[in-house]
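Okay, so here's the structure we're looking at.
The values are calculated or read from the model by the stated rules, or taken from the named source; none is laboratory data. All values derive from a computational prediction rather than experimental measurement. Note that each Cβ is placed from the backbone with ideal geometry, even for glycine, and that neighbours are counted across all protein chains shown. All accessible areas refer to the heavy atoms of the entire protein, side chains included, with ligands and DNA or RNA removed. Shrake-Rupley method; radii C 1.70, N 1.55, O 1.52, S 1.80 Å.
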Amino acid sequence: MGAAPEIHPRPAAADRRDLAWWVDKSVAILVFTGGISAIVFILGIFVFITKEGFGFIFGSLDIGGFFGSTKWRPTSTPPTYGILALLAGTASVTGLAMLIAVPFSLGAAIYIAEFAKGKTREVLKVLVEMLAAIPSVVWGFIGLMVMNPLIINAFDVPVGLCVLNSGVILGLMAAPIMTTIAEDALKAVPDTYREAAEAMGATRWQIVWKVVLPAAKTGLVAAVLLGVGRGFGETMAVLMASGHSVNLPTSVFDSVRALTATIAAELGETSVGSDHYRVLFTLGILLFVVTFAINLTADLIVRGIRKK
Amino acid sequence: MRTACVVLCLSVLVACGGRSGSRKAIQNKGSDTLVNVAQTWAEEYKKVNPNVAVAVSGGGTGTGLSALINGTVDIANASRKMEPKEIELARKHGIEPVEFIVGYDALAVYVHAKNPLPSLTMAKLAEIYADGGSISRWDQLGVDVPDAKDSKIVLVSRQNNSGTYAYFKEAVLGKDREYRMGTLDMHGSKDVVDLVHKTPGAIGYSGLAYHTDEVRMIPIAKDDDSPAIIPCEKTALDQSYPIARPLFMYSRGQPEGEVKAYLDWILSDAGQRVIADRGYAPVRPLPEK
């Protein structure tokens, strides 16, 4: 930049150090820092949680008891760290959330991408995106204050903070993201496919079912996987709506506890460096690995589409 | 405009800097049970000694004691005694914690307002809450709770590192028993009462001071031969109520200067009146005003 070609004869211009130059330089540095910081942070977080978590994994971990026992009693003497019930809690809530969210969000995506027109389409898109912007603590509050008495009355069960409650809440939270991504996948199907199908006399639904959905298959799978990742990692809403109860659920009306909620509820009150503190980081590693795998799979699938 | 902002910021900075010379700050953190009282103490103390600012935060007994051990607070509030393990850890950090009993709390057992249960013994309460306990339905206690599906008892508990959780376990379940699986573990004293209020079949334990009109406190008897006692200030202080516990403050080493003055004031009649007004029992009977 210093060796800019001399356009003006004046010597000062050869090496311009005016305001624009400084602005240019500093913005370049700022943008570079911003770009690189994502990598620095992700590495930093990874190093931090593995450093704390591995202390437990290589120290006092008993694999069979860790994954095979439901007894999560980290503050008893002697403490027991069995995460089976926590895994079951996370899995049941995420599973139910997907059962609810997948049909809704795919339906919404198909409607927005294939059927809706003009104003309806724009309004719907904005509304779906607004749904994604509701903070998770607000969802949790709805679960706690609105859904809880509703479930007690509607299903005549003893307590309304349960798999059903948090599954519905989580499904509603994951649906907008899944809708947006699924809609993008449907839009990515070239119009020539639709035109060809239409030329052969296919109805609207035949086009969607036989042509567009198969063509967008990978993108739709990616959307669902990202939704699963969202559900798996969600904390606050699940903490508030699930009942936060160490329990192997046998029905959707049982209270459960999620991995994320356990970390959130307990990490603040453990003394740094204790086994309890470290086992929570081990849970963190577990979550990190699972969500990373899910996101990576989704990403690879999405990339697969782009290449085509 | 911008100049005005800069000037304002600078003046605030100067004001703060100037103040820190003459004003002393005491950091106070810990038990959720004590946080409301601690806040009132801090506010009242401002009138006694305006030169001392007490910063109070909650987070739980574990958090407060961790902060004391890590040297970030002057006083930790605790709803249970410091464990030998924690004292050892503090000594390793060069801190000798000194204990003060600042009041007593009766842990009330709450049920829904419509629940007709007249009283419970400690043994029955243990059978309800303990892992492998024999009581899991209200009809086993001979009561019919309206709207409680299958007469099922919904157990409300606290997260496992709260001082209340540890104390209830020690006092009711004893050393060798654990909580039953599937308790709803709430994150605050108030959340327990809120959930019991919302759930007809629920039972929960929480501080006496969290009582509301929407829930009922169950009188508790030590054993089958003793009378059932309602938790209140008086029964907590004379220890006739079986689930009453002392509340603690821990200082970092033998307190000196402003911290000592603050603790002395808390233990004085004026300070003890604050905790009594908040629904806890003072450390000694207070003279009539």
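Among (1) crowded, with 24+ Cβ neighbours inside 10 Å; (2) outside any helix (DSSP H, G or I), which single condition is B:LEU65 missing?
For B:LEU65, the failing item is (2).
Looking at B:TYR210 and the list (1) within 24 Å of B:ASN36 (Cβ to Cβ); (2) buried (at least 23 other Cβ atoms within 10 Å of the Cβ), which single condition is not satisfied?
B:TYR210 satisfies all of (1) within 24 Å of B:ASN36 (Cβ to Cβ); (2) buried (at least 23 other Cβ atoms within 10 Å of the Cβ) except (2).
Rundown of residues vs (1) touching a residue at least 40 places away in the same chain (Cβ under 8 Å); (2) open to solvent by 20 Å² or more (accessible area, probe 1.4 Å); (3) in contact with a Ser or Thr (Cβ under 8 Å, 6 or more places away or on another chain); (4) not in a helix (DSSP H, G or I), yes/no style:
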| site | (1), (2), (3), (4) |
| --- | --- |
| A:GLY160 | no, no, yes, yes |
| A:ASN165 | yes, no, yes, no |
| A:ALA185 | yes, no, yes, no |
| A:TYR193 | no, yes, no, no |
| A:TRP205 | no, yes, no, no |
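Just for the stretch B:149-175: of the residues that are out of contact with any strand residue (DSSP E or B) (no Cβ under 8 Å at 6 or more places or on another chain) and within 12 Å of chain A (Cβ to nearest Cβ), which one is surrounded by the fewest Cβ atoms within 10 Å (Cβ to Cβ)?
So the residue we want is B:LYS175.
Table: residues versus (1) closer than 17 Å to A:GLY53 by Cα; (2) more than 14 Å from every other protein chain (Cβ to nearest Cβ); (3) of a type outside the set (Ser, Thr, Tyr); (4) surrounded by fewer than 20 Cβ atoms within 10 Å (Cβ to Cβ).
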| position | (1), (2), (3), (4) |
| --- | --- |
| A:LEU213 | no, yes, yes, yes |
| A:SER242 | no, no, no, no |
| A:THR250 | no, no, no, yes |
| A:SER274 | yes, no, no, yes |
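Consider B:VAL196 carefully, then state whether it is farther than 20 Å from A:LEU267 by Cβ, more than 7 Å from chain A (Cβ to nearest Cβ), open to solvent by less than 10 Å² (accessible area, probe 1.4 Å) and at pLDDT 85 or above.
So B:VAL196 fits the description; yes.
Sort through B:GLN239, B:GLN254 and tell me the only one that's at pLDDT below 90 and outside any helix (DSSP H, G or I).
After applying the criteria, what remains is B:GLN239.
Any residue in the stretch B:118-135 that is assigned by TED's automatic domain parsing to the domain that holds B:GLY204 and at negative phi sitting within a Cβ distance under 7 Å of a residue that is among the basic types (Lys, Arg) and in a helix (DSSP H, G or I)? List the pairs, counting only those 6 or more apart or interchain.
B:ILE135/B:LYS124
Across the stretch B:235-254, what is the total count of residues that are among the charged types (D, E, K, R) and exposed (fewer than 14 other Cβ atoms within 10 Å of the Cβ)?
Number of matching residues: 1.
On the given criteria, is A:VAL246 within 14 Å of chain B (Cβ to nearest Cβ) and aliphatic (A, V, I, L, M)?
So A:VAL246 passes the test.
With the checklist (1) within 14 Å of chain A (Cβ to nearest Cβ); (2) modelled with pLDDT under 90; (3) assigned to a strand (DSSP E or B) in hand, flag the one item B:ILE203 doesn't pass.
Every condition holds for B:ILE203 apart from (2).
Please identify the pairs in which a residue from the stretch A:35-52 that is assigned to a helix (DSSP H, G or I) has its Cβ atom under 8 Å from the Cβ atom of a residue that is open to solvent by less than 90 Å² (accessible area, probe 1.4 Å) and among the hydrophobic types (A, V, I, L, M, F, W, C), counting only partners at least 6 apart or on another chain.
These pairs meet every condition: A:PHE46/A:PHE288; A:ILE49/A:PHE281; A:ILE49/A:ILE285; A:ILE49/A:PHE288; A:THR50/A:ILE285; A:GLU52/A:PHE281.
Go through the stretch A:107-124 and count every residue that is in a helix (DSSP H, G or I) and without any contact (Cβ under 8 Å) to a residue 40 or more places away in the chain.
9
Which one of A:ASP184, A:ASP156 is of a type in the set (D, E, K, R) and within 14 Å of chain B (Cβ to nearest Cβ)?
It is A:ASP156.
Which residue, of A:LEU131, A:LEU144, A:LEU172, A:LEU161, is in contact with a strand residue (DSSP E or B) (Cβ under 8 Å, 6 or more places away or on another chain) and either within 14 Å of chain B (Cβ to nearest Cβ) or within 24 Å of A:THR94 (Cα to Cα) (or both)?
A:LEU161
So which of B:LYS260, B:LYS289, B:LYS222 ends up being at pLDDT below 85 and over 26 Å from A:MET236 (Cβ atoms)?
Going through B:LYS260, B:LYS289, B:LYS222 in turn, just one is at pLDDT below 85 and over 26 Å from A:MET236 (Cβ atoms): B:LYS289.
Please state which one of A:LEU226, A:LEU283 is in a helix (DSSP H, G or I), at pLDDT below 90 and not aromatic (Phe, Trp, Tyr).
A:LEU226
Here are some conditions: (1) buried (at least 17 other Cβ atoms within 10 Å of the Cβ); (2) of a type in the set (S, T, N, Q); (3) more than 14 Å from every other protein chain (Cβ to nearest Cβ). A:SER92 meets all but one. Which one does it not meet?
Only one criterion in (1) buried (at least 17 other Cβ atoms within 10 Å of the Cβ); (2) of a type in the set (S, T, N, Q); (3) more than 14 Å from every other protein chain (Cβ to nearest Cβ) is unmet by A:SER92, namely (3).
Got a sec? Which of B:ALA106, B:ALA76 is of a type outside the set (S, T, N, Q), assigned to a strand (DSSP E or B) and at pLDDT below 90?
B:ALA106
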